[in-house]
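Notes follow the structure.
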Amino acid sequence: MLTISTIFGVTVFAADYDIYVAGNGDGSESGTGWMNGYAWNPGAEANKMTVTSPNVYDIVFTNLTSGNEYQFKFTNGKWN
């Protein structure tokens, strides 16, 4: 089994709030799986993106298994 890491980067214009990534995490209690173990949690602190420059946010995910279908969505910490 091949494991990989990926970096998500997004540019958000006029954002005055934090940006998170929610997705189909594996729900592992260790928090080491895809989405840091949080399945579809729009405000999981572990999936809060880091501001790297004005309006640019990044996050790195590790322990991704090749061949899986990963789904994700950017959020403002909630679904609405």
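The values are calculated or read from the model by the stated rules, or taken from the named source; none is laboratory data. Remember, predicted model here, so these are calculated numbers, not experimental data. FYI the Cβ positions are ideal-geometry reconstructions off the backbone, even for glycines, and counts take in every protein chain you see. Heads up: the accessible areas ignore ligands, DNA and RNA and are worked out on the full protein's heavy atoms, side chains in. Shrake-Rupley method; radii C 1.70, N 1.55, O 1.52, S 1.80 Å.
So here's what we get for this one:
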{"item": "Heavy-atom SASA rank of 58, 16 (probe 1.4 Å, accessible area, largest first)", "result": "16, 58"}
{"item": "Inter-label distance, nm, simple model (7 Å from Cα along the C-beta direction), residue 10/residue 76", "result": "1.2"}
